[in-house]
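Structure first, then comments.
The values are calculated or read from the model by the stated rules, or taken from the named source; none is laboratory data. On a predicted model such as this, the values are computed, not experimentally measured, just so you know. With ideal geometry, Cβ positions are generated from the backbone for all residues, glycine too; neighbour counts draw on all protein chains shown.
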Amino acid sequence: MTRQCARPGCRAVATATLAYDYQQRITWLDPLVDEAHPMSYDLCHDHAQAMTVPRGWRLEDRRARRGAMPRSVPPFEDAYAY
C-alpha cells in the first residue's frame, strides 16, 4: 500500500520520511520507512526537496547516502528509542 504526502492539499505519493529531535535541534529525511510512525511525516519528492528547517536547526538528508557514510545522528528507527 502506498502512502500519501502529509502536506495539506498534496496528493502525491510519499517517497521520504521526515523525523526530528527537538532536544538536538535536528531534522532528518530518510527513504520512506516501511510503516508510518505518529511522530514522523511522510513527504513526496517535491516537498522533501523543498524542506527547510528553522534557524539553529540542522537538516540531514540521508536518502541518497544511507549506509554510505557514518551517521552523526541515529537512524530513524532508533530516534524514538529513548
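Would you confirm whether any residue within the range 21-40 is among the polar types (S, T, N, Q), at pLDDT 95 or above and surrounded by fewer than 17 Cβ atoms within 10 Å (Cβ to Cβ)? The answer is yes; a qualifying residue exists. Among the criteria (1) modelled with pLDDT of 95 or more; (2) out of contact with any Lys or Arg (no Cβ under 9 Å at 6 or more places or on another chain), the one Ala64 does not fulfil is (1). Ala16 is checked against (1) closer than 13 Å to Asp61 by Cα; (2) out of contact with any helix residue (DSSP H, G or I) (no Cβ under 8 Å at 6 or more places or on another chain) and fails just one. What number does that condition carry? With (1) closer than 13 Å to Asp61 by Cα; (2) out of contact with any helix residue (DSSP H, G or I) (no Cβ under 8 Å at 6 or more places or on another chain) applied to Ala16, the lone miss is (2).
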